[in-house]
1. Which residues, counting only those in the stretch A:40-64, are without any contact (Cβ under 8 Å) to a residue 60 or more places away in the chain, open to solvent by less than 40 Å² (accessible area, probe 1.4 Å) and either of a type outside the set (V, I, T) or more than 9 Å from ligand 1 (Cβ to nearest atom) (or both)?
2. Look at the stretch A:45-61 and say how many of its residues are charged (D, E, K, R) and touching a Ser or Thr at 6+ places or on another chain (Cβ under 9 Å).
3. Among the residues of the stretch B:600-630, write down those that are among the polar types (S, T, N, Q) and open to solvent by 30 Å² or more (accessible area, probe 1.4 Å).
4. Would you point out which residue out of B:S186, B:S153 is touching a strand residue (DSSP E or B) at 6+ places or on another chain (Cβ under 8 Å), open to solvent by less than 10 Å² (accessible area, probe 1.4 Å) and more than 13 Å from chain A (Cβ to nearest Cβ)?
5. For the stretch A:146-177, which residues satisfy the criterion of being among the aliphatic types (A, V, I, L, M), closer than 18 Å to A:E207 by Cβ and either within 15 Å of ligand 1 (Cβ to nearest atom) or touching a residue at least 60 places away in the same chain (Cβ under 8 Å) (or both)?
6. Report yes if some residue within the stretch B:564-572 is of a type in the set (A, V, I, L, M, F, W, C), under 27 Å from B:A79 (Cβ atoms) and surrounded by fewer than 23 Cβ atoms within 10 Å (Cβ to Cβ); otherwise report no.
7. Just need a number here: residues in the stretch B:7-31 that are under 16 Å from B:T202 (Cβ atoms), part of a loop (DSSP other than H, G, I, E, B) and either open to solvent by 60 Å² or more (accessible area, probe 1.4 Å) or modelled with pLDDT under 85 (or both).
8. Would you please name the residue that is farthest from A:S97 (Cα to Cα), looking only at residues in the stretch A:164-178 that are within 16 Å of ligand 2 (Cβ to nearest atom) and more than 14 Å from chain B (Cβ to nearest Cβ)?
Amino acid sequence: MRSLSYVQAKTVREAIEAYAAAGEGARYIAGGTTLYDLMKLGVERPAHLVDIASLEGADRIDTSGDVLFFGAGALMADVAENDVVRRDYPVLAESLSKAASQQLRNMATVGGNLLQRTRCPYFRNGAIGAYPCNKRAPGSGCAAIGGLDRGQAVLGISNACTAVSPGDWPVALTAMDATVEIQGPAGPRSVPIAEFYRLPGDTPHLEFEIEAGEIVTGISVPKTEAGRNSTYLKVRDRESYAFALASAAVALAMDGDHIRQANIALGGVATRPWRAREAEALLNLRTIEPDIALAAGRAAFADARPGEHNAFKIELGARTLADAIMTAGRKMQ
Amino acid sequence: MTQERTADRPRVDAYEKVLGRALYAADQPIAGLLHAMTVPATIAKGRIEAIDATAAQNVRGVVRIFTHEDFSQIKTTPAARGAYGQPGKGHQPMTSPVVRHRGEPVALVVADTLEAAIEGAEAVKVRYAPEPFSARMEDELASPEAQPDRQLSSGDAEAAFAAADHRIDVEYLHPQQHHNPIELISTTAAFEDGELRIYEGTQAASAFAGGLAGMMGLEPTRLRGVSPYTGGGFGQKNGIQEQSVLVASAAALLRRPVKLVMPRGQLFHTASYRPRSRHRVRLGADGQGRLLAGLYETVQQNSRYDGFACDHGANPPRMYGYHTWQGNDRIVRVDTQTPGHQRAPHEHPASYATECAMDELAEAVGMDPVELRLANDAQSDPITGKPYSSRHLAGCLRRGAEMFDWSRRIADPGALVADNGDLIGLGVACGSYKGSMTATVTTLRLFASGRCEIATSGHEMGQGIRSVIAAELIEILGVDPAKLDIHIGDTGHAPQHITAGSWGTGSVAPAARSAAMKLREELSVLTGAPLSEEPVHVQLARTRRPSLEVTVNTIPLGKDAQIIEQLRRGIPSTTGPEYPDFMAFSWIAHFAEVHVERSTARVRVKRVVSVADCGRVMNRRTAESQVRGGVVWGIGAALREAGETDPRFGGVLNNDLAEYVVPVNADIGAIDVDFIDQPDFKLNMSGVKGLGEVAMVGAAAAVVNAVYNATGRRIRHLPIRIEDLL
Ligand SMILES: Cc1cc2nc3c(=O)[nH]c(=O)nc-3n(C[C@H](O)[C@H](O)[C@H](O)COP(=O)(O)OP(=O)(O)OC[C@H]3O[C@@H](n4cnc5c(N)ncnc54)[C@H](O)[C@@H]3O)c2cc1C
Ligand code: SF4
C-alpha cells in the first residue's frame, strides 16, 4: 500500500527543514480541505505530509498597525468574524463568509486558501478520469476547450487552458493590494498579490509564484479608508455553497460624492484573480450612478473571449460588478 | 379515529437514527470482511483487449483481482440491471470483454483494506479497442426505435386541434437527472448460517435475492436479501445493481465476506437516473377554455440495451376532461448506461411539459390558470371512460389558491414588483400519480407480555413506513409502540415486494390493519367472548397462551391468490391505476411564488403552497415531510439539476455533489402543505392512496410558470439558469 509519512511542525523553521528532509513528494498541509480533496481525486499523491496547522503564532490576526496582518494559519471563519475586518473591510469578511460552508471555514486557513486549485471538471474528474488536461498532465491537451465550458473563464485564457481561478478571498485581496509574506530556505520575501498568480499561457500547471518548500507565513493588507465602502458580491448557481459564476470585489475611496479611487477585482470569470483597471479608470472622479456603474462593468470585460457556453458570463460579470459598485457606494451614505 | 391516524406522531425509528444506531447495509459488523473497489471503463463503447493486473497484484493487501474472465458464467437474466424484466435485454458488466458505457466496472479488486482496494484498482491497466459512439439523442449514431413504446388515444384529436379557437404547439426539454441519495449504493455478501446473505440498501429485497440467485445459478433458498434501512432510494435502489452480482460472486469464489461501497463518482454511471426527454405538446381549446384536443408526443433517451419503458403519456390525459386525446411515447437509443425510475419517473417530466403548456394556453385564451384547470375538471377518465375512485383536484386548487392568496396574481408578466425591485411571479400547476397496490404476506404475533411482532413486506427508505405500520397496530390493538418489533425489508422474515411507485403505504397499511383485525377475531374465539376494553395482551394472558400468531395474505383489488405465489418468487406484480370499476390516482396542486433579481436574473422561490389528495393521511408529520421533500425536488428540477454529458467522451462530467447542483437550505423558502384527507375506501380498507411521488408531480411546472409570470420569458428547457433570463 502507498505509504505516507506525516510530521507535525511547531515552528516555520522546523516545517521548512522537515520539508527539505522529506525530499520529493513532500507537501505542507494546513486545514487539508483542498489537499485531501485533491488526493482523493488523484491529482495530488504526496508521500510526506508536513502539518503546519499548529505552527506557533501562525493564526495571528493583527489589525492594530498600519497594515492588517493575517497569519497564514488563521481560520477562514475567524477572519470572516473578526470585528474590525467586518466593520472596516467588509469586502474581506464577505469574500470569506460567502465561500465554502461553515464546516469548511472552520477547518480551512486563509493561507491554504490562496493555493486552492481550479474547479474545472475535466481537471478534477478522477472518478472515471483520463480527460486530456494540461494542468494535470502537461502537454496532454485541454478537454475544456470545445467541451462543456459553461463554467470556464472568459478573461486571461490561453490556448492551453481556460480554467477559472476559484477562490473568493484572493479576489478581495487583489482588489485591496495585499502582499503575500513568504518564508523559504533562503529567507523571507514578500510578493505583491498581483504577481502571486500566473496566467496560464503555455504552462497552466504552474499557477503560483512560490517555490517548492516555501511557506506562506501571512498576508498583509494596507489599511485604507476605502475599506469601509467595500463589498464582495458573488453570483453562483445556488444561494450558498457553490463557487462563483461571477463575483466582484469593490472598494471605493471617495471625495465627497466623487470617486477618488476605485479598487476592483473580479472572480469566477478569469484564470486568475482579475484586477479590473479599465473599470477603475472609468470610475475615476465620477459620482455613483447606475449607468456609470454598468459602463464600468462593461469596460472590465472589453477583452473577454468566450467559448461556446460561457458568453453569458460577460453580461453577468458586468452586471455583477455594476451591482457591487452601487452597493459599495451606498455604504457611505 | 381519523384524529388518531393523522396525529403528528414522531417516527418510530427517529431515535435510533438520530443516535446513529440504525445499521444500514454497509454498517453490518461482519468478521473478516474484505473490501472491494471497481475499475471503471474510460471509454464509452468498445472491447477490452487486455488487462494488466501485475502492478495491482503487487499492492500490499490486495487479495484478488477479478476480470470478465472470472465472471463469464454469470447469466444476464431479465433480473439484470437494465433488463426491466425483459428477456434479451439488460447488460451485466464484466461477463464479457464488451464495454457498453463509460464508467462501467471492468475489474474488481478485493483487498484486506479499503485503501489497498482503491490503490489496487488505480493500478489496474486496461487496454481498450474503442468504437465510435453517440451519447446524446441528437448525435449521429443515435438510433430511434421504429415503433412507439406506448400510445393512448380517444377521438380524432388532430381534427379537433385543427378546428380549435386557441392552439398551443410547444416543445419542452427535460434534462438527465440523478437521484443522489445520501446513502451510497453498497453491497455486502457473506456466508452466514449456510446461506449467502446479501446486505444492500434496496427497495426490493425479494426480487433482488431471487434475481441474484438466478444470475448466479443458485437455488433461491440459498440466498437471502437483507435491506435493513435504505438511506434514500427514490427508485435508484429498486433492483439489482451492476455491482451486486459481482460482489456476491467474488464472495462465493473467495468463500469470504466482501463489501463494496460504490463511490459517488462511479454511481453517476453505474446506477440508474432519469433519462433526458423531449415533449411536444399541442393543446386546442374553444373560446371558453374548454379543452377540445390534447396531442402529446415524447421522446426519451435510453441505452442500447435496456427494457426501460417510456411512459410519459400515461397521466396527462387523466388530468382534465379532454374531449379528444392522442399521445405516443418513443425511445431513442444511445451509448450510455441504462436509465431507470427516479421519483415520479415519467409523471414529473410529463407534468412539467403539459402543465407549462396549460399555462401557455391560459394566456392564449385569456383565462386565469386556476380557472382554466377548474373549468376542465373531470370525474371520469377520458381514455377508458371509467370514473375515478376519488378525485378532489378541484378542492386542492381551491384550498391552495386561498392559502397562497392567488388573487394577488396579475396576468401581465412583471407587473408585481417587490420593495427591493425584484420581479414577483406566481405560478400554479397540478399533478397526479397512479393509485397502485401490491400483495403482501403479513405475520403478526402478540405476546402475553405485551410485546408485539410484525413481519411484512416493505422497505424503510426514510419515508416512514414503519410509522405507518405502527399507526395501524396502535389503532386496532392499542399496543405499546415501545414494545413493537417491525420486521421489513428482509426476505428471511416475509417475502418482500418492491417498495416503489407509491404503493408502499397503500399496501402495507391495509395489510397491517387486516392482520390486526384477524388477531382480534382469533383472540375473541380463544377467550370465548367479544373483546373488552382491556389491553389485548392482558386478555391473551388470561387464556394462558404465551402468544398468538396470525398470518394474512392481502390481495389487492382485481387480483387473485396467484399474486401471492408471484410475490414469494420475487416477481413484481402490482395493480393500478386501472381497476375493474374505476381508475385510481392521487392528485395535487402546487402554487409557487418566485422573486427574480433584475440585474443578475437570480431566481428565488420564496414560497410554495401544496395541497394533496392522497386519500386518508396516515401520519401528518411524515406526510408533510414527503410533500416538502417532493417540492424541494421540484425546485431542484426547475432551477438547479442536470447531468451533463460531453458528447466527445460520453459519461457524466459533473459526477459529484459539488458539480451536480442540488438545492441547499438557502434555496428553499416557505413550503406550506395541506391535505384534503378524505379516505378512498374504494381502493382499500385503510382508505389510503400514495403520496411519495405525487408530491413532486407538477412542482417544477409551478416554478417555471411563476418564472414566466415574473419575467415574460417562456424557457422551455430545464433547469432555468441565469443565462436563460439575463
Ligand atoms: C466543498 C468545498 C467548497 C468550497 N467552496 C469554496 C468557495 O466557495 N470559495 C472559495 O474561495 N473556496 C472554497 N473552497 C476552498 C477552500 O476555501 C480551500 O479548500 C481552503 O481555503 C484551503 O485551506 P486549507 O487550510 O484547508 O488548505 P490545505 O488543503 O491544507 O492546503 C491547500 C494547499 O496549500 C498548501 N498550503 C497550505 N498552507 C500553506 C502555507 N502556509 N504555505 C505554503 N503552502 C501551503 C498545501 O500544500 C496545499 O497544496 C471550497 C472547498 C471545498 C472542499
Ligand atoms: S481548462 Fe485547464 S484545467 Fe481545464 S481541462 Fe483545460 S487545461 Fe485542464
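1. Just the residues of the stretch A:40-64 that are without any contact (Cβ under 8 Å) to a residue 60 or more places away in the chain, to begin with: A:44-51, A:53-57, A:59, A:61-64.
Cutting the leftovers down to open to solvent by less than 40 Å² (accessible area, probe 1.4 Å) gives us A:44, A:46-47, A:49-51, A:55, A:63.
Across the stretch A:40-64, the qualifying residues are A:E44, A:P46, A:A47, A:L49, A:D51, A:L55, A:T63.
2. Adding up the residues that qualify gives 2.
3. Kept after step one, since they are among the polar types (S, T, N, Q), are these residues of the stretch B:600-630: B:600, B:610, B:619, B:622, B:625-626.
Answer for the stretch B:600-630, where residues must be among the polar types (S, T, N, Q) and open to solvent by 30 Å² or more (accessible area, probe 1.4 Å): B:S625, B:Q626.
4. Details: B:S153 fails: open to solvent by less than 10 Å² (accessible area, probe 1.4 Å).
Answer to the check: B:S186.
5. Here is the first cut: in the stretch A:146-177, the residues among the aliphatic types (A, V, I, L, M) are A:148, A:153-155, A:157, A:160, A:163-164, A:171-173, A:175-176.
Then keep just the ones that are closer than 18 Å to A:E207 by Cβ; that gives A:153, A:155, A:157, A:160, A:163-164, A:171, A:173.
A:A153, A:L155, A:I157, A:A163, A:V164, A:V171, A:L173 - these are the residues of the stretch A:146-177 that are among the aliphatic types (A, V, I, L, M), closer than 18 Å to A:E207 by Cβ and either within 15 Å of ligand 1 (Cβ to nearest atom) or touching a residue at least 60 places away in the same chain (Cβ under 8 Å) (or both).
6. As a first pass, look at the stretch B:564-572 and keep what is of a type in the set (A, V, I, L, M, F, W, C): B:564, B:567, B:571.
With the extra rule that they be under 27 Å from B:A79 (Cβ atoms), the set shrinks to B:564, B:567, B:571.
Subset that is surrounded by fewer than 23 Cβ atoms within 10 Å (Cβ to Cβ): B:564, B:571.
Yes.
7. 1
8. Kept after step one, since they are within 16 Å of ligand 2 (Cβ to nearest atom), are these residues of the stretch A:164-178: A:164-167.
From what's left, more than 14 Å from chain B (Cβ to nearest Cβ): A:165, A:167.
Working: A:S165: 18, A:G167: 12 Å.
Among residues in the stretch A:164-178 that are within 16 Å of ligand 2 (Cβ to nearest atom) and more than 14 Å from chain B (Cβ to nearest Cβ), the one farthest from A:S97 (Cα to Cα) is A:S165.
The values are calculated or read from the model by the stated rules, or taken from the named source; none is laboratory data. Computed from a predicted model, the values in this text were never measured in an experiment. Glycine also receives a Cβ, built like all others from the backbone with ideal geometry; neighbour counts cover every protein chain displayed. Note: accessible area is taken over every heavy atom of the protein model, side chains too, but ligands, DNA and RNA are not part of it. Shrake-Rupley method; radii C 1.70, N 1.55, O 1.52, S 1.80 Å.
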